[in-house]
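To start, the structure itself, in structure tokens.
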Amino acid sequence: MKSNNNNNGNGNTKLILLHPYIQKQGTSNRVWLLAVLTFFTVAFLLTLIYTRDALVSGGAAAAASAGAAVPPPLPTSVISTLVHYASRSNESFHMTHPELKSISDVLRKCSHPCNFLVFGLTHETLLWKALNYHGRTVVVEENRYYAAYFEELHPDIDVFDVQYTSRAGEMDELLASARELARQECRPVQNLLFSECRLAINDLPNHMYDVDWDVILVDGPRGEGAEAPGRMMSIFTAGVLARSKKVGGKTHVFVHDYYRDVEQICGDEFLCGENLVEAINGMLAHFVVERMEKDSFQFCREQNGTAAAAAAAARSGL
């Protein structure tokens, strides 16, 4: 019995000594299994990537050997533009070829992606979107119903409606107020979202005030008649946005219908005659406006009278 007890005791001792070894062996097996699964997963992913690249390069090589390049698909905006102009070739209110070319030349030379802000839904809206195909084009419209209708027809175009609170007949009063508050609410460098200047447009989507706009076109609101919304607010806003850029030096600002008093006077006041580089047939003015520092309180380097005279000379000479 004693001998049996000793044997049982020895057996138990052996069992106790072997138990940790069994645990280690099971853990080792799991590690090896995980390593094998990881290896095959990585191998599968590498094979998939290599096969995809081979297919792409093989397809390109086949096309090249056949002597035919694979053209990119025609953008939807271009198709819409062609259809638009084909169906409305007799449209009366449209820009002339020299005017369109002046804007398109700037968009073509603009660094990509180009940020293009347009005040006013017009006959050329689809064209602007097409010309700035790789960039961002945003349109601001005074008529919310027309804006909603246009966006429903062309959902790829960003259109925002804005409420203009001024009238063309109020221009002199508004200019006097802006000059008086040039160091406060109506300063040339500011975040318009928080502006209380009567000429500031501050009800656009918040993110629009953070964009560094490369090109701005003022072709709205309609501005016809003393009681109609004038373009004082859009021109002032364009001038502030151009001077408040965070990155980049210059902004190209175009003002359409420049033959009218509001466009000329406010253009000279907030975009400055010294920045006028081109005026096409008295219809389209092209300004190049540089950014300013935060402590700037004067829109034009020259006095208003001098700037107006320079603008008048530029208009007569172009």
Q | Paramagnetic label zone (point 7 Å from Cα along Cα-to-C-beta, residue 172; backbone N under 16 Å) in segment 203-240 | A | 226-227
**Q.** Accessible area in the full protein assembly, largest first, 1.4 Å probe, for 246, 294, 129
**A.** 294, 246, 129
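Could you give the length gained on full extension between residue 212 and residue 290, defined as 0.36 nm per residue of separation minus the Cα-Cα distance, in nm?
Values: separation 78, 0.36 × 78 = 28.08 nm, distance 1.20 nm.
Here the answer is 26.9 nm.
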**Q.** Cut-off under 5 Å, modelled amide H: who pairs with residue 136 long-range
**A.** 114, 115, 116
Q: Tabulate in residue order the Karplus-calculated ³J(HN,Hα) for segment 265-279, using 6.51 cos²θ - 1.76 cosθ + 1.60 with θ = phi - 60°, rounded to whole Hz; enter x for Gly and Pro.
A: 5, 6, x, 5, 6, 10, 10, 6, x, 5, 9, 6, 10, 6, 9
Q.
Over the Cα atoms of segment 102-184, what radius of gyration and what Dmax do you get, in Å?
A. 16.1, 44
Q: In nm, give the distance between the simple-model label positions of residue 146 and residue 108, each being 7 Å from the Cα along the Cα-to-Cβ direction.
A: 3.0 nm
Q. Per residue, what volume in Å³ does the convex hull of the Cα atoms of segment 203-270 enclose?
A. 86 Å³
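Once you sort the root eigenvalues of the Cα gyration tensor of segment 151-201 as a ≥ b ≥ c, which label holds: rounded (a/c under 1.5), prolate (a/b larger than b/c) or oblate (the other case)? Kindly include the intermediate steps, with their values, before the conclusion.
Details: a/c = 4.18, a/b = 1.88, b/c = 2.22.
Here segment 151-201 falls in the oblate category.
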Q.
Quick check: from the Cα gyration tensor, does segment 172-304 come out rounded (a/c under 1.5), prolate or oblate?
A. rounded
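The values are calculated or read from the model by the stated rules, or taken from the named source; none is laboratory data. For clarity, every value in this text was computed on a predicted model and none was experimentally measured. Quick reminder, even Gly has a Cβ in these numbers, built from the backbone with ideal geometry, and neighbours come from all protein chains shown. Heavy atoms of the whole protein, side chains included, go into the accessibility calculation; ligands, DNA and RNA do not. Shrake-Rupley method; radii C 1.70, N 1.55, O 1.52, S 1.80 Å.
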